[in-house]
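The values are calculated or read from the model by the stated rules, or taken from the named source; none is laboratory data. These figures come from a predicted structure and were not determined experimentally. When we count neighbours, we look across all protein chains shown, and the Cβ atoms used for this are built from the backbone with ideal geometry, even at glycine.
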């Protein structure tokens, strides 16, 4: 398994929110997921809330 990386400001990422038990805040960020994190497998509505995001669908799949 490769080295885990973090892109962007880590403070708004789901892994940080989970470590602080902010699950109500997490629920708001995962209602309609569009991205998945290569590091932890979590999904979110926005890439900015994940450390190493990838779109769930290719742009032509929708």
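Annotations for the structure displayed:
- Test set (1) surrounded by 10 or more Cβ atoms within 10 Å (Cβ to Cβ); (2) at pLDDT below 95 - residue 46 fails condition number: (2)
- Once the range 1-13 is narrowed to residues that are in contact with a helix residue (DSSP H, G or I) (Cβ under 7 Å, 6 or more places away or on another chain) and in a loop (DSSP other than H, G, I, E, B), the residue that is surrounded by the most Cβ atoms within 10 Å (Cβ to Cβ) is 13.
- Count of the range 14-62 residues which are under 26 Å from residue 3 (Cβ atoms) and assigned to a helix (DSSP H, G or I): 11
- The C-beta contact set for the range 1-30 (first residue on the phi > 0 side of the Ramachandran plot, second residue part of a helix (DSSP H, G or I) and surrounded by 14 or more Cβ atoms within 10 Å (Cβ to Cβ), distance under 7 angstrom, 6+ apart or interchain) comprises 8/48.
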